[in-house]
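The values are calculated or read from the model by the stated rules, or taken from the named source; none is laboratory data. These figures come from a predicted structure and were not determined experimentally. Don't worry about glycine lacking a Cβ; one is built from the backbone with ideal geometry, like all the others, and counts go over all protein chains shown.
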Amino acid sequence: MNAVTTQFQPETAVSTDLGTPFFAVQDIHSYYGESYIVQGVSFDIAHGEILALLGRNGAGKSSTLRTIARLDNPTLQRGEIWLDGAPIHKLKSFQAAQAGIQLVPEDRRIIQGLSVEENLTLAQVAPGAGWELDRIYGHFPRLAERRRQEGTTLSGGEQQMLAIARALARDLKLLLLDEPYEGLAPVIVQEIETILHEIKELGITTVIVEQNAVAALKLADRAVILDTGEVAFAGTAREVLDNAELRHEYLAI
């Protein structure tokens, strides 16, 4: 399979020819045990852009995010990952987090036994590096109302808000969102969308993986579609929204 299919190759493809991108993955290959999951994925993002990483179930989207975050599974076997001019592909996960890569996983991983505020305070490992609590509560008033409540007793949507807020409380250069709308009622999805649009307006560089492809594309500047671990399309979000054949072929919408 070609890296970008000829049929759907955009007029304006993702390119690093115009200078060093803020973030880039270059020909990364990752494995879960013997399973070859991420098969030569490359893309880049300018500072402040949002990129939607899309594809059908099993396409390798979450595995790509986990590889970027330098988690143990999947294992990066080959390729390079660069953030703000520095290589991060040899870092451990805690070092990648210290470098500014913050992953909001699909399962949110709220710490049991800690209040909302304790979850946020624990994330502030370096004073002045991330958002202060007052700023977080200004963007997440519902969390302010529940600051003394144990985080794991929040509703699903509130836990998602807390997971995103916790990432903002850290030293953040690149935000990775894995299925932020998963399992949420439509009215709660609208609240999360509002928060993500605020993040976009603040110029936070973001990669979003989301099965609700239309919602992700409306938020994103650019899009990469994966198919069985390879890049099938790279271009603008608008190109995907305007191309019904492309959406049907790779996103089943």
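Could you check, for the range 131-138, whether at least one of its residues is crowded, with 19+ Cβ neighbours inside 10 Å and within 16 Å of the chain's Cα centre (by Cα)?
Within the range 131-138, the subset crowded, with 19+ Cβ neighbours inside 10 Å is 131, 136-137.
From what's left, within 16 Å of the chain's Cα centre (by Cα): none.
Checking the range 131-138: not a single residue is crowded, with 19+ Cβ neighbours inside 10 Å and within 16 Å of the chain's Cα centre (by Cα).
Where in the range 81-184 are there helices (runs of 4 or more DSSP H), lying wholly inside it, with at least 2 residues that are touching a residue at least 60 places away in the same chain (Cβ under 8 Å)?
Numbers: elements: 93-98, 116-123, 133-139, 141-145, 156-168.
Here the list reads 93-98, 156-168.
Inspect all residues belonging to the range 131-143 and state whether any of them is out of contact with any Leu (no Cβ under 8 Å at 6 or more places or on another chain), basic (Lys, Arg) and within 18 Å of ILE192 (Cβ to Cβ).
Checked against the condition, which is being out of contact with any Leu (no Cβ under 8 Å at 6 or more places or on another chain), basic (Lys, Arg) and within 18 Å of ILE192 (Cβ to Cβ), the range 131-143 yields at least one hit.
Has the range 196-215 got at least one residue that is touching a Phe, Trp or Tyr at 6+ places or on another chain (Cβ under 6 Å), surrounded by 19 or more Cβ atoms within 10 Å (Cβ to Cβ) and in a strand (DSSP E or B)?
no
Quick one: count up the residues across the range 238-250 that are surrounded by fewer than 21 Cβ atoms within 10 Å (Cβ to Cβ), in contact (Cβ under 8 Å) with a residue 24 or more places away in the chain and in a helix (DSSP H, G or I). Break it down stepwise before answering.
Kept after step one, since they are surrounded by fewer than 21 Cβ atoms within 10 Å (Cβ to Cβ), are these residues of the range 238-250: 238-239, 241-245, 247-249.
Those left that are additionally in contact (Cβ under 8 Å) with a residue 24 or more places away in the chain: 239, 241, 243, 245, 247, 249.
This time we only want the ones that are in a helix (DSSP H, G or I), so: 239, 241, 245, 247, 249.
Residues flagged as surrounded by fewer than 21 Cβ atoms within 10 Å (Cβ to Cβ), in contact (Cβ under 8 Å) with a residue 24 or more places away in the chain and in a helix (DSSP H, G or I) within the range 238-250 amount to 5.
State which residue pairs qualify: first residue under 17 Å from ILE192 (Cα atoms) and inside the range 205-227, second residue of a type in the set (Ser, Thr, Tyr) and at pLDDT below 95 in any location, beta carbons under 9 Å apart, and separation of 6 or more residues or different chains.
Once the first residue is under 17 Å from ILE192 (Cα atoms) and sits in the range 205-227, its partners that are of a type in the set (Ser, Thr, Tyr) and at pLDDT below 95 give GLU210/TYR181; GLN211/TYR181; ASN212/TYR181; ALA215/TYR181; ALA216/TYR181.
Output the residues belonging to the range 71-104 that are surrounded by 20 or more Cβ atoms within 10 Å (Cβ to Cβ), touching a Leu at 6+ places or on another chain (Cβ under 8 Å) and under 12 Å from VAL25 (Cα atoms).
The answer is LEU83, and nothing else.
Spot the failing condition for ALA223; the list is (1) under 18 Å from PHE43 (Cα atoms); (2) among the small types (Gly, Ala, Ser); (3) part of a helix (DSSP H, G or I), and only one is missed.
(3)
Determine whether the range 117-125 contains at least one residue that is modelled with pLDDT of 95 or more and buried (at least 20 other Cβ atoms within 10 Å of the Cβ). Give the steps one after another, and end with the answer.
Start the filter on the range 117-125 by keeping residues that are modelled with pLDDT of 95 or more, which leaves 117-120.
Still in the list and also buried (at least 20 other Cβ atoms within 10 Å of the Cβ): 119-120.
Yes: the range 117-125 contains one or more residues that are modelled with pLDDT of 95 or more and buried (at least 20 other Cβ atoms within 10 Å of the Cβ).
So which residues in the range 47-98 are more than 15 Å from the chain's Cα centre (by Cα) and of a type in the set (Gly, Ala, Ser)?
GLY58, ALA59, GLY79, GLY85, ALA86, SER93
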